[in-house]
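Shown next, in structure tokens, is the structure this report addresses.
What follows draws every value from the coordinates through simple rules; no lab data is involved. Quantities reported herein were computed from a predicted structural model and do not represent experimental measurements. FYI the Cβ positions are ideal-geometry reconstructions off the backbone, even for glycines, and counts take in every protein chain you see.
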Amino acid sequence: MKQGGGQALFTAECSHSFHFHCITSNVKHGNQICPVCRAKWKEIPVQGPSLDPPPGRPAIGPVGWPQNDALMTVVRRLPPPRRDLSRRHIVPLYQAHEPGVFNDDETLDHQPVFDERSSCNKNGGDDNFVRTIEIKTFPEVTAVSKSNSHDSFTVLVHLKAATSVTSQNPTINLSSLPQFSHNHRAPVDLVTVLDTSGSMAGTKLALLKRAMGFVIQNLGSNDRLSVIAFSSTARRLFPLRRMTDTGRQQALQAVNSLVANGGTNIAEGLRKGGKVLEDRRGKNPVASIILLSDGQDTYTVSGSGPNQSQPNYQLLLPLSIHHSDNTGFQIPVHAFGFGADHDASSMHSISEISGGTFSFIETEAVIQDAFAQCIGGLLSVVVQELQVVVECVNTSLCLGSVKAGSYPSRVMGDGRKGVIDVGDMYADEERDFLVSVNVPTESCSNLTSLIKVRCIYKDPLNKETATIESEEVRIERPDVARQAVVSIEVDRQRNRLQAAEAMAQARGAAELGDLTGAVSTLENCRRVLSETVSAKSQDRLCVALDAELKEMQERMASRHVYEASGRAYILSGLSSHSWQRATARGDSTDGSSLVQAYQTPSMVEMLTRSQAMLLGSPSAQRLVRPFYSQPKPR
């Protein structure tokens, strides 16, 4: 709907325009057909009560709203919708003309960024070099007798990214909620693609607005944000805009204009989100999309029909979002499934295809915490386009396999070199990859050199490429080896991969209706893990894996429970373990939860900030008291 000649105009889906007052009167009498072309309308104009704040009341607080309760004017509790809003056409409070090409992004600030890493010599042998990545390697055992050989000997490659400025000083003043450190990090271009379909009406939309307010407040002046809202169609609320004080204020006003109506067209939302990043003139070093939806795409993907037993979720993604064939990923989508009725399979597929993560927001009240954890990572990228190269040193060795989860990996034709495309790493993030090699017998030497590891990456601040090499991995070759003690580091990662494999198998059985078999698969995995070295030493990751597998068993107690939460919980767990990156699972963003094995200090700090903001806002506490979405009857 738009303004025209002093009267509101309604433009129908067939492109014909009418005075809003006239056409609503026509519809009230049961006419849902265009008077001009006779096309039947799917969305009809209905004049309803205003959802705007009352006159005289500010729609949104000032930029400093965390110190007062003005934020809650954005997210006051709304009653559940009393009627189906999916067929209403409501005028958005903020609507601007959309150009054909989204090259109207705000100009980047080209002031130089000073960082202690930017002035360092990138020669790995320089003693003054500050390493952005630390490489450690662990053979499964330190000694193999000369007369023994192994067809599949495991070596763990462990990487850890540099510590961020914020995590070096984790103490924060919660009462004043200081700004997240923006001075020594790579700025971000972030696009949020938000579901505003009819099912989001009421408290869900209010909570989403509050979460977006938190995101906006915690972006720096060099970060840029664009928001896409989608229902039956998608629209860009505003182009990529720097989050200066003015930019934040305008972004908050735009987000506060959102209203819920219509269907769920995820594909169109992602198409426009991808277009924003594809068409931009300037590019910040880091780019990402956050997608949130509480429903299923009703326009592009359908699982019904005799020839569609398995939906093709790739149809939801434009080519610009698909991961690159070369190195890293183009535009990762971090997908958030909201409530009991979202399509977990499609959201997980979207994140996997693009190189992002999938989070399950079961308790609607934790949406802000889930967003906080995500942006805590995005605002701390210290490594980009990371490629890990593993090469055999001994001429008699060949690589057997490279276990890298969802990261693209390959072993070269001669079997002597393997490559893993890792992409971005957040500050303090760790990555673990298991490489297997053959170990031949040894006739004379007391040592056998196995592999060496090289990391090639780009510094996001100075754009320069750096290379770091590890020392050679060697094992002792005594005449008679002492009792072998398996490395707990290797054992721990074997357990992680075994648990992830069991999760995938259990999910496959559950999708076929065999919940008993799915629960049995998880139980068998728990039993095997309990006998391992790391489990017997009460290793934290192993304890967390057991707790997670137990939780998954409980969420497979019945078909109803699996449909409502089990599928999404398992898929968010698989996403986390396959990328080795934190995801929200159920209501588990709490840092004390054992399943948060991959949280970084930057994520924890942002979570703390989110929870402190909630504690400081009484009306926010009323809005977000714990409640769970109930699934719709199926």
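Taking 0.36 nm per residue of separation and subtracting the current Cα-Cα distance, fully stretching the chain between S537 and T465 would add 21.9 nm. Summarised in one figure, the compactness ratio Rg/Rh of segment 365-426, Cα atoms and Kirkwood Rh, is 1.22. Seen from Y313, the other residues with C-beta closer than 11 Å to its C-beta sum to a net charge of -3, counting Lys and Arg as +1 and Asp and Glu as -1. Working from label points 7 Å from Cα in the Cα-to-Cβ sense, the D479 to L512 distance is 5.5 nm. In this label model, N446 and L319 are separated by 6.1 nm, measuring between points 7 Å along each Cα→Cβ vector.
Counting Lys and Arg as +1 and Asp and Glu as -1 over every other residue whose Cβ lies under 12 Å from the Cβ of S406, the net charge comes to +1.
Give me a comma-separated list of calculated 3J(HN,Hα) values for segment 143-158, in order, Karplus coefficients 6.51, -1.76, 1.60 applied at θ = phi - 60°, integers in Hz, x for any Gly or Pro. Running phi through 6.51 cos²θ - 1.76 cosθ + 1.60 with θ = phi - 60° gives 9, 10, 4, 4, 7, 8, 10, 10, 7, 9, 9, 9, 10, 8, 9, 10 Hz.
A Cα-only calculation for segment 487-593 places Rg and Dmax at 13.3, 42 Å.
The distance between label points at L615 and H560 comes to 3.8 nm (points 7 Å beyond Cα on the Cα→Cβ vector).
3J(HN,Hα) along segment 366-373, derived from phi through the Karplus expression 6.51 cos²θ - 1.76 cosθ + 1.60 where θ = phi - 60°, amounts to 9, 4, 5, 4, 5, 5, 4, 4 Hz, with x in place of Gly and Pro.
Measuring r between the beta carbons of E98 and Y299 and using R0 = 22 Å, the FRET efficiency lands at 0.75. Here the calculated FRET efficiency for Q253 and T142, from their Cβ-Cβ distance with R0 = 56 Å, stands at 0.35, rounded to the nearest 0.05. Near D109, once Lys and Arg are set to +1 and Asp and Glu to -1 for all other residues with Cβ below 12 Å from its Cβ, the sum equals 0.
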